[in-house]
Amino acid sequence: MYVLGFKEKLPSEVEPLDKVKERVTADFKNSKALEMARSAGASFYNTVTNGLAQKKSFEQICKESNVNCVPLPPFSPSSTSLTNLDERLSLQMLQRVSAD
């Protein structure tokens with residue numbers, strides 16, 4: 001059960017464009033970057049599935065697609081540390097992917 005009480009009512013106001021322009025622009029750029037990343041990921045997924053069906057190796061598919069293939073050290077969801085891990089990756093990221 002929740003009980004809410006209001007001390008006072010705040011008047012609504014529309015912020016001027018100058019005040020929100022930078023925030024809106026940054027949000028738009030982030031949204032477009034996310035959209036482009038998802039599109040590139042989906043396209044590469046199709047390339048990989050088609051390439052594997054043609055008996056190509058994953059490394060060969062990456063090379064043909066100009067995508068860097070990053071070898072991963074062996075790990076498990078219960079691993080607590082990894083050595084020689086690419087700086088763009090984290091153990092937590094790998095554990096999330098392996099759990100899916």
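Just so it is clear, none of the values below were taken in a lab; they were calculated from the coordinates. Computed from a predicted model, the values in this text were never measured in an experiment. Cβ: placed from backbone, ideal geometry, glycine included. Neighbour counts: every protein chain shown.
Put a plus charge on the Cβ of each Lys and Arg, a minus charge on the Cβ of each Asp and Glu, and nothing anywhere else: the dipole of region 21-69 about its Cα centre is then about 60 debye. Over the chain, dividing the summed -39,500 (n - 2.57) contributions of all DSSP H runs of at least 4 residues by the number of residues returns a 222 nm mean residue ellipticity of -18000 deg cm²/dmol. Against the main long axis of the alpha-carbon atoms of the chain, helix 17-53 sits at an angle near 20°. Take the alpha-carbon centre of region 6-33, take the same for region 62-100, and report the distance between them in whole Å. Using only Cα atoms to place each centre, the spacing works out to 37 Å. Using C-alpha pairs under 8 Å with a sequence gap of at least 6, the mean separation divided by the residue count of the chain gives a relative contact order of 12 percent.
Lysine pair count for the chain with Cα-Cα distance under 19 Å and sequence separation of 8 or more or different chains is 4.
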